[in-house]
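Note sheet for the following structure.
The values are calculated or read from the model by the stated rules, or taken from the named source; none is laboratory data. Note that the coordinates shown come from a computational prediction; the quantities given were computed from them, not determined experimentally. We place every Cβ from the backbone using ideal geometry, glycine too, and count neighbours over all the protein chains shown.
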Amino acid sequence: MQRLLTLRVGTSRLNRAVNLCQLNSNKLTFERYATNGQPKERIDPLPKNTMKLTGSENVRPVYGALASAAETKKDTNTSDKTSANQDVPFQSESDLRDNVLRESLKFVEELGWTIDAIRAGIRASNQSSTIEGLFSSGYDLVEYFQRDANSKMSAYMKEQMKKGEIQGTRLLIDSLKYRLGLVIPYASTWGQAMAQGALPQNSMRSWKSILEFSSEAWYGIGDTSTDINWYTKRLVLATVYKSAEVYMLQDQSQEKLDTMDFLERRLHDFQTLGSLRNTMSKSLSDTAQITSGIFSVIRNLTSRR
């Protein structure tokens with residue numbers, strides 16, 4: 001199929017002429033027409049007058065005034081495409097959710113770990129309100145935060161291992177304190193986050209996040225064992241860490257220093273595998289003393305549903 005491009009050129013000599021340029025994939029012809037519509041002459045352009053325009057599958061020769069027009073059209077199209085790509089970048093559903101949830105964290109202090117915070121994140125991300133259907137509840141925000149914090153802890157451990165300055169138990173302690181430090185800015189609302197994780201509809205997702213955290217921590221210090229203690233070590237580490245989060249809820253010390261000390265005392269018990277049972281016992285005892293506040297939050301949440 002041929003494509004026709006009509007170019008009108010007005011000059012001092014040809015102010016009453018119309019130039020018709022006929023293009024196809026193989027040949028370009030240039031015909032000059034007089035004002036009466038009859039062909040006046042036919043010109044077969046010489047190769048030396050040609051210039052090539054690259055833009056699609058075929059490379060077609062472009063001549064004379066058409067070259068300027070085509071070049072301008074190419075630049076305009078390229079600019080339009082670039083602008084369109086910048087205005088509407090492709091995002092997978094997962095990337096879109098993560099971007100919204102990342103923005104939503106900015107509203108947690110004011111709105112809590114709620115769907116309202118996610119709605120605020122949608123607006124802050126300049127997204128349509130219709131994407132709210134991608135989120136089921138405020139726990140999506142809690143889950144995103146935990147996953148992101150686990151990833152940051154893992155990166156921290158890899159960096160420390162690469163430096164070679166600390167390893168083993170010391171690296172484990174420092175890394176979990178680093179992980180807890182990511183939670184501290186949200187300490188005023190973290191009870192609500194923990195309470196949401198304890199709700200029946202979120203419990204499986206909550207345990208999945210906790211066990212992923214434990215695995216990242218153990219792998220981070222080079223523990224890749226698959227023996228009978230694999231599950232025990234991960235459950236104990238998760239219990240110790242979560243007890244520190246609960247402790248943090250009532251900690252009034254500056255920068256939660258008492259919580260950090262509490263966590264370090266418990267983690268020191270990991271120096272020998274034989275002390276794991278005692279470690280779990282101590283952690284469960286400490287947790288039991290202060291979990292009543294968590295269940296109060298749960299009752300408040302469920303009463304508003």
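Checking residue 89 against (1) modelled with pLDDT under 95; (2) in a loop (DSSP other than H, G, I, E, B); (3) under 26 Å from residue 212 (Cα atoms); (4) not aliphatic (A, V, I, L, M), which test does it fail?
All conditions pass for residue 89, except number (3).
Checking residue 94 against (1) among the small types (Gly, Ala, Ser); (2) exposed (fewer than 12 other Cβ atoms within 10 Å of the Cβ); (3) more than 16 Å from residue 143 (Cβ to Cβ): exactly one of these is not met. Which one?
(3)
Do we find a residue being over 22 Å from the mean Cα position of the chain (by Cα) and of a type in the set (S, T, N, Q) anywhere in segment 234-243? Break it down into steps so the answer makes sense when it comes.
To start, the set of residues in segment 234-243 that are over 22 Å from the mean Cα position of the chain (by Cα) comprises 234-243.
When the remaining residues are screened for being of a type in the set (S, T, N, Q), the result is 239, 243.
Yes, because at least one residue in segment 234-243 is over 22 Å from the mean Cα position of the chain (by Cα) and of a type in the set (S, T, N, Q).
Within segment 150-172, count every residue that is aliphatic (A, V, I, L, M) and surrounded by fewer than 19 Cβ atoms within 10 Å (Cβ to Cβ). If you could, list the steps in order and put the result at the bottom.
Of the residues in segment 150-172, the ones aliphatic (A, V, I, L, M) are 153, 155, 157, 161, 166, 171-172.
When the remaining residues are screened for being surrounded by fewer than 19 Cβ atoms within 10 Å (Cβ to Cβ), the result is 155, 161, 166.
Final tally of qualifying residues: 3.
Has segment 169-184 got any residue that is of a type in the set (Val, Ile, Thr) and closer than 18 Å to residue 113 by Cα? Don't jump to the end; show me each part of the working.
To start, the set of residues in segment 169-184 that are of a type in the set (Val, Ile, Thr) comprises 169, 173, 183-184.
Keeping just the survivors that are closer than 18 Å to residue 113 by Cα gives 183-184.
Yes, some residue in segment 169-184 is of a type in the set (Val, Ile, Thr) and closer than 18 Å to residue 113 by Cα.
Determine the pairs where a residue that is at positive phi and touching a residue at least 24 places away in the same chain (Cβ under 8 Å), located within segment 104-129, has a partner that is crowded, with 20+ Cβ neighbours inside 10 Å and polar (S, T, N, Q) with Cβ atoms under 7 Å apart, the partner being 6 or more residues away or on another chain.
Close Cβ pairs satisfying both conditions: 112/192.
Yes or no: residue 188 over 22 Å from residue 138 (Cα atoms), in a helix (DSSP H, G or I) and at pLDDT 90 or above?
Details: over 22 Å from residue 138 (Cα atoms): no; in a helix (DSSP H, G or I): yes; at pLDDT 90 or above: yes.
Here the answer is no, as residue 188 does not meet what is asked.
If you go through segment 152-177 one residue at a time, how many are part of a helix (DSSP H, G or I) and without any contact (Cβ under 8 Å) to a residue 60 or more places away in the chain?
Final tally of qualifying residues: 12.
Would you pick out the residues in segment 238-254 that are in a helix (DSSP H, G or I) and either in contact with a Leu (Cβ under 8 Å, 6 or more places away or on another chain) or without any contact (Cβ under 8 Å) to a residue 60 or more places away in the chain (or both)? Talk me through it step by step, then tell me what you get.
Here is the first cut: in segment 238-254, the residues in a helix (DSSP H, G or I) are 238-249, 254.
Listed by number, the residues that qualify are 238, 239, 240, 241, 242, 243, 244, 245, 246, 247, 248, 254.
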